[in-house]
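Working notes, beginning with the structure itself.
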Amino acid sequence: QVQVVESGGGLVQPGGSLRLSCAASGIIRSIYRMGWFRQSPNNERELVATFTLDGSTNYADSAKSRFTIPRDNAENMVYLQMSSLKPDDTATYYCNVQLRKFGMDYWGKGTLVTVSS
């Protein structure tokens, strides 16, 4: 079993910054992919940013140049550093972990980010 826990959400003004954290624990030998998705009301869950074991990263167009995805491989942690936040970034942000390619997805319960003045 793998447990995934996010933290760091909250209310932030437009143009502000926020950092989310995600910790994966349990029986983990290695992680193939780890990263962030988000979902706002009446919308499907969408990719924000992920990284894979080979070191490659994948960003949604909306996240490029504003978000980064630092990680601590030794601690099985990933972060989402967000800047220049917009009201459209308001969503519940979910951390996702895959232990192997095409393997099972493990999700956290999500953390809410609200961008509003």
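The values are calculated or read from the model by the stated rules, or taken from the named source; none is laboratory data. Source: prediction; values computed, not measured. Cβ sites come from the backbone with ideal geometry, for glycine too, and all protein chains shown count toward neighbours. When the accessible area is computed, the model is the full protein with side chains, heavy atoms only, and any ligands, DNA or RNA have been set aside. Shrake-Rupley method; radii C 1.70, N 1.55, O 1.52, S 1.80 Å.
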Cut-off 10 Å between beta-carbons: net charge of the residues surrounding Phe51, Lys and Arg +1, Asp and Glu -1: +1
Accessible surface of the chain [probe 1.4 Å, protein heavy atoms]: carbon and sulfur percent: 47 percent
Hits among lysines - C-alpha to C-alpha of Lys86 under 28 Å, sequence gap 8 or more where chains match: Lys64, Lys109
Highest-MSF residue in the chain out of Leu47, Leu20, Leu11 [GNM, Cα springs under 10 Å]: Leu11
The stretch 1-91 - accessible surface per residue (Å², probe 1.4 Å): 56 Å²
The stretch 37-110 - convex hull of the alpha-carbon atoms, volume per residue in Å³: 105 Å³
